[in-house]
Amino acid sequence: MFALIDCNNFYASCERAFNPSLVGKPIVVLSNNDGCVIARSNEAKSLGIPMGAPAFEYKYLFERHNIAVFSANFALYGDMSSRVMTILSGYSPNQEIYSIDECFLDLSGMLVDLQEHGLAMRKHVLKWTGIPVSVGIAPTKALAKAANRIAKKFTDRTGGSYVIDTEEKRIKALKWLLVEDVWGIGRRNARKLNAIGVKTAYDFCLLSKTWVLNNMTIVGVRLQDDLNGIPTLDMEPVELKQSIATTRTFENDYRTYDEVKERVCTFAVTCAEKLRQQHSLCNRIEVFIQSNRFREDDEQYSNSVVVKLPFPTSSSIEIVEFAVQGLKSIYRQGIGYKRAGVVLMNFVQDTEYQQSLFYKSNPKHAPLMEAMDKLNDKFGTKVRLAAQDKKTHKMRQEKLSPKYTTSLKGIINVNL
DNA sequence: TCTGGGGTCCTAGGACCC
DNA sequence: TCTGGGGTCCTAGGACCC
């Protein structure tokens, strides 16, 4: 049996956990630059605020309904996530952290009442962190996802935990679950399925394997098996990242090469830092730039390039060099750029990799990077490369809550 | 004025091999 | 007249997830 534990409205719940006056009130959390809505409390959802809603278009609604608006506080959410995950890891020897707010637990062979087990997790996490979670338990991952949906949707009846452990319950769940809500069926496939009259997960399960294979590839077939109760999707061990990206939308349109270049250099450095944290070296760097797609009056241009490195490296200096080389090859004058990004790919471990006979990473860089990382880690002040931003680019974050759990300045002060 | 960011996996088709 | 057959590896792009 698999359990899928999912935090309810995670970012909104994190804000609420440290600000109890928000209980029962609508909350939205905005993306970087306070751009769009990326999380909503149930109250905000029922006011009709869609996921991804541009904040400026909904400002009026926020004010009219007295909605609590927050800038994304990823320091807080990341820390709360690890607290929740740590607690849940005590409920099974095998945990797969699937995203910042969800994890799977392998419950096979555990001699417990599963419903009680689920309720216990929920109670434990709520009491220790203030974050409400829903628990779905079933013989396969896809069914656990479905069970989780039921637990969340019918909390009053389920207590926030639902187990699919009989054929009747499986069929009932599948008939209830709309095909577009099935984990692994996105917009595209949902449209294709609706077109042939498939409305529910149950309908999908009745389709012939051949049709599914031809129209949805092997991915669809696996999903179908999983929903039919044949465990096909297994626990996946947490491994090192296969790609690391830093991409940003700018505050306004950049029209000069230097502005774009400085940002790209900083993105490259951020990526390199993350790369060194997992002790990898990269062999490829992708750089992309995009004009402002919302400005219909302006010329549109976007392009990307993949730079193949002559040797694997994690040196910020070298990664910046190659990123700039890539940027030069795609940069076009006269465009107002609104977004850019750097993606590192094709990793090897820094202790074991095939060296090139002719080229190698500058050996002086490794100790230098180590020193930089230590300084930046310890003092928070950035030791930078000269190529990086001259000025600090401040994201718009007008509604940022304190870093309650990760900064002494953010700690809650209680006056008795 | 203003519109997010970071991932994984699969496949078709090209380039190459014998 | 007539143009084989069987592979591997790589990559760009698509689809999906949160």
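Among the residues of the range A:43-61, those that are surrounded by fewer than 15 Cβ atoms within 10 Å (Cβ to Cβ) and closer than 20 Å to A:K153 by Cα comprise A:S46, A:G48, A:P50, A:M51. Of the listed requirements (1) within 16 Å of DNA strand C (Cβ to nearest atom); (2) more than 30 Å from A:L240 (Cα to Cα); (3) out of contact with any helix residue (DSSP H, G or I) (no Cβ under 9 Å at 6 or more places or on another chain); (4) not hydroxyl-bearing (S, T, Y), A:L174 misses just one: (3).
Within the range A:98-123, the set of residues being of a type in the set (D, E, K, R) and either surrounded by 14 or more Cβ atoms within 10 Å (Cβ to Cβ) or within 13 Å of DNA strand C (Cβ to nearest atom) (or both) comprises A:D101, A:E102, A:D106, A:R122, A:K123. Restricting the range A:358-388 to residues that are in a loop (DSSP other than H, G, I, E, B) and more than 20 Å from A:F322 (Cβ to Cβ) leaves a set whose member that is modelled with the lowest pLDDT is A:T381. One residue alone among A:V179, A:V163 is more than 16 Å from DNA strand C (Cβ to nearest atom) and among the aliphatic types (A, V, I, L, M), and that residue is A:V163.
Return a yes/no flag: does the range A:373-386 have any residue that is touching a Cys at 6+ places or on another chain (Cβ under 8 Å) and away from DNA strand B (no atom under 16 Å from the Cβ).
yes
Residue count for the range A:65-97, restricted to those that are of a type in the set (K, R) and crowded, with 20+ Cβ neighbours inside 10 Å: 0. For the condition more than 31 Å from the chain's Cα centre (by Cα) and charged (D, E, K, R), A:K374 does not qualify.
Could you say whether any residue in the range A:165-186 is within 16 Å of DNA strand B (Cβ to nearest atom), surrounded by fewer than 16 Cβ atoms within 10 Å (Cβ to Cβ) and not acidic (D, E)? Talk me through it step by step, then tell me what you get.
Step one: list which residues in the range A:165-186 are within 16 Å of DNA strand B (Cβ to nearest atom), which gives A:182-186.
Checking the rest, the ones that are also surrounded by fewer than 16 Cβ atoms within 10 Å (Cβ to Cβ) come to A:186.
Applying the additional criterion that residues be not acidic (D, E) yields A:186.
Within the range A:165-186 (the criterion being within 16 Å of DNA strand B (Cβ to nearest atom), surrounded by fewer than 16 Cβ atoms within 10 Å (Cβ to Cβ) and not acidic (D, E)), the answer is yes, since at least one residue qualifies.
Just one of the listed residues (A:Q397, A:Q300) is more than 27 Å from the chain's Cα centre (by Cα), farther than 22 Å from A:S243 by Cβ and part of a loop (DSSP other than H, G, I, E, B), and it is A:Q300. Select from the range A:340-364 the residues that are within 16 Å of DNA strand C (Cβ to nearest atom) and under 19 Å from A:H393 (Cβ atoms) and write down the one among them that is surrounded by the fewest Cβ atoms within 10 Å (Cβ to Cβ). Within the range A:340-364, the match that is surrounded by the fewest Cβ atoms within 10 Å (Cβ to Cβ) is A:G341. In the set (1) more than 24 Å from A:E43 (Cβ to Cβ); (2) at pLDDT 95 or above, the condition left unmet by A:G130 is number (1). Can you confirm whether A:A12 is surrounded by 16 or more Cβ atoms within 10 Å (Cβ to Cβ), on the phi < 0 side of the Ramachandran plot and in a strand (DSSP E or B)? Answer is no for this residue. Residues that are within 18 Å of A:S13 (Cα to Cα) and either surrounded by 22 or more Cβ atoms within 10 Å (Cβ to Cβ) or in contact with a helix residue (DSSP H, G or I) (Cβ under 7 Å, 6 or more places away or on another chain) (or both) occur at least once in the range A:150-158. Need the failing condition index for A:V37 against (1) within 30 Å of A:P139 (Cβ to Cβ); (2) in contact with a strand residue (DSSP E or B) (Cβ under 6 Å, 6 or more places away or on another chain); (3) within 16 Å of DNA strand B (Cβ to nearest atom), just the number. Of the numbered conditions (1) within 30 Å of A:P139 (Cβ to Cβ); (2) in contact with a strand residue (DSSP E or B) (Cβ under 6 Å, 6 or more places away or on another chain); (3) within 16 Å of DNA strand B (Cβ to nearest atom), the odd one out for A:V37 is (1).
To keep it simple, each residue is scored yes or no on (1) away from DNA strand B (no atom under 16 Å from the Cβ); (2) among the acidic types (D, E); (3) under 30 Å from A:E251 (Cα atoms); (4) surrounded by fewer than 20 Cβ atoms within 10 Å (Cβ to Cβ).
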residue	(1), (2), (3), (4)
A:L281	no, no, no, no
A:Q290	no, no, yes, yes
A:R293	no, no, yes, yes
A:S304	no, no, yes, yes
A:K308	no, no, no, yes
A:I319	no, no, yes, no
A:Q333	yes, no, yes, yes
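The values are calculated or read from the model by the stated rules, or taken from the named source; none is laboratory data. Note that the structure is a prediction, hence the values are computed from the model and not measured. Reconstructed Cβ throughout: ideal geometry from the backbone, glycine too, with neighbour counts over all protein chains shown.
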